1. Taking amide H positions as placed 1.01 Å from N in the peptide plane, with prolines and chain starts having none, which residues 5 or more places from A670, or on another chain, fall under 5 Å of its amide H?
2. Measure off 7 Å from each Cα along the Cα-to-Cβ vector at N484 and D531, then give the distance between these two points in nanometres to one decimal.
3. Can you compute the modelled spin-label distance between I715 and D697, with each label point 7 Å from Cα toward Cβ, in nm?
4. Can you tell me the FRET efficiency between E505 and Q750 if r is taken as the Cβ-Cβ distance and R0 is 56 Å, rounded to the nearest 0.05?
5. Take the Cβ-Cβ distance between M264 and M706 as r, set R0 to 41 Å, and report the resulting FRET efficiency rounded to the nearest 0.05.
6. Quick one: what are the phi-derived ³J(HN,Hα) couplings along the stretch 313-318, Karplus 6.51/-1.76/1.60 with θ = phi - 60°, whole Hz, x for glycine and proline?
7. Find, among the trypsin sites (Lys or Arg not before Pro) in the stretch 617-658, those assigned to loop by DSSP (not H, G, I, E, B) with at most 15 other beta-carbon atoms within 10 angstrom.
8. Against the longest principal axis of the chain, how steep is helix 147-162, in degrees 0 to 90 to the nearest 10, with axes from Cα atoms?
Amino acid sequence: MDEEQMMCEATDEKLINDAFQRLLDSYLASRHRKKVDIITKAFNFARQAHKGVRRLSGEPYIMHPIAVAQIACEEVGLGSTSICAALLHDVVEDTDYTTEDIENIFGAKIAQIVDGLTKISGGIFGEQASAQAENFKKLLLTMSDDIRVILIKICDRLHNMRTLESQPANKQYKIAGETLYIYAPLANRLGLNKIKSELENLSFQYEHPEEYNNIKAKLADTEKSRHELFDQFTAPIEEALNQMGVKYEIKERVKTPYSIWNKMQNKHVTFDEVYDILAVRIIFTPNKREEEINECFNIYVAISKIYKSHPDRLRDWLSHPKANGYQALHVTLMSKQGRWIEVQIRSDRMNEVAEQGFAAHWKYKEGEDAEYTEDESELNDWLRTIKEILDDPQPDAMDFLDAIKLNLFATEIFVFTPKGEIKTMPSGCTALDFAFSIHTFLGSHCIGAKVNHKLVPLSHKLQSGDQVEILTSKAQHVQPSWINFVSTAKAKAKIQAILRRDSREMQKLGEERFAEFLKKNNIESNANAIDELTEFHDMRNREDFLQAVGNKTILLGEKDVDELQGKNSNEKSGWRKLVPFLGRGKQKKTVEEEQQQNLFVVPEKFNRKKPIYITDDNIGQYKFKHCCHPIPGDDVLGFIDGKHQIEIHKRTCPVATKLKASFGNRILDAKWDMHKKLFFNATVRLQGIDRVGMLLDISQVISSQMNVNIHKLTIASEEGVFDGSVELRVHDREDVKDIIDQLKKIPDIQDVTQIK
């Protein structure tokens, strides 16, 4: 072994030992039982198993499991069982060791968690279509056995996101997209607020680096004025709390770049117009634990004597915590500088739960090793909902993901049963959602509801505090239209399951009727017969045709006999229909071939790690989808579709979001290399105060000043206010930005935003 290699090994050794010592120090500083021996044993085992292997970043592979264990211990507050499982989480997948080996050495509990983690990471970059959605299903299945599986998986994802720069760009988009789509909402639902924010921010940083850096720079520029505002605002509050004898600390909370950008997108505002970048957090230690809610309100009363509070922005999460365990009192106050500032009041315990989620609840079991308690009823209810959806798996894994996401993102409302029992429901839910949440039978036979003793339809949206009584009838059956207005995952899953069952029964009846029809007319039963009549009746597929026969939408008769048998003996063989049918197929294929002549087809040995460049000359080789209308200058990515052609999507496009989470291995990094030769459509929305000459001013700015072609202009005016849109022909995103900046200078124009 040469000297350089020995030095390299010595450096690695020090790096690994220092990282492990830091992990032990964090663990010893926690409240858990001090099981250092088993953690050291797991570390030595994993170190040996991963010996000689390096990550893409070049560091020894064992640094990744140590980092995941560090996050589990320090940032989620888990104990020795979880730390050992985190250290061992890649051993079964990446080495020759099996789950049985882990069980023999470390016991059943650690082996069970490692097994759960191995199951959900298998095939993560596989070729199968909905790999990620399927992995997510497995993740949730194992999660129901032991919640620590999902918590360690989130720690694993956080470390992967922190070290994402060593990955090629196409992998970065895949992993970042998947993180925003799956892991950030999960972290949020489990109350891991700090981790959720970091996951969102890191995803944003890799998907939209330019916008991320712009917001970071603006936050840095406004930091000094923010500190001044914070100091001036909190000085009288500190004085009042000191007089009350409260033991407290006041923290400055700054909105993350991702949440600022999100607000800018959703509300169509600029950075300067995001008013709630600064918030104030009062964290106090109560004299008695049982008095903490009263003390929150006492602090609120004291500070609302200093500043005027906003009546519509008081959020009480004390009496009814959010489903992820979050408790706090949020109040928005008017500062002396004329700015609304949100103040969050919470006890030290509430703050720990807000930062570390449900894990913090288990931490309060002094001296025990984070064994989660069964009385976490909110979490268990949520897990039960997921279990029910998994028990009746949907054919489309993406639908499943969307269904789960509906429940992950939703904020909660509180609804009362006729007996006065309280139920937590997602906001935006309907009376029918409420019916299904109580029982499937109640939902499937629901004809209406009484909300606060008034009769309402099934689609009526519930508000917090409503008392709901469900009305049923045995004659009622699930209707396909119901799927359009229910919003909870459980209701959607149950309705789809019942509709699928009904359609299977109807299809079976259609098959029987079709067989009777063939027998009655002495026609030989074969697949061609179904296909010909499916085409004859303009149905999409055999299933739809048989269903229509089953429910008598299609009544089979003489015309169908003629169609199948033909009108002369030559046709009875089926050639009359078959020849033109074959001809049409061939003709259609030729047209498709002509259409595809210009499109680039991805060869088998295509390097997916390298970016593709879209130029003025090759732009016709790619498919530009209508879902997001990408134009030069947009952050875009490529996606290899089923025909091996490349679609171009904006990275923010909802369709692209799904593709990143489900078909990550087909994502490509795409870059523009355009030189303002071609034109693209862009639509800008204008709102403002109507006046004489407004239309002239708008067209002057666009046509004369900017020399841009107006494709279409639509403006509607009502009671002195106008709302309009202008379709423009532009070269790129820069053109659109310049036009918007110029239009904003026109007097009486209030808002200008790009629609697409």
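The values are calculated or read from the model by the stated rules, or taken from the named source; none is laboratory data. Owing to the predicted nature of the structure, the values given are computational and were not obtained by experimental measurement. FYI the Cβ positions are ideal-geometry reconstructions off the backbone, even for glycines, and counts take in every protein chain you see. Just so you know, the surface numbers come from the protein's heavy atoms only, side chains and all, with ligands and any DNA or RNA stripped out. Shrake-Rupley method; radii C 1.70, N 1.55, O 1.52, S 1.80 Å.
1. For A670, the qualifying residues are I612, G638.
2. So the label points at N484 and D531 sit 3.5 nm apart.
3. 0.9 nm
4. 0.50
5. Efficiency for this residue pair is about 0.95.
6. 10, 8, 10, 9, 9, 8
7. Hits after loop and neighbour filter: K643.
8. Result, in degrees: 90.
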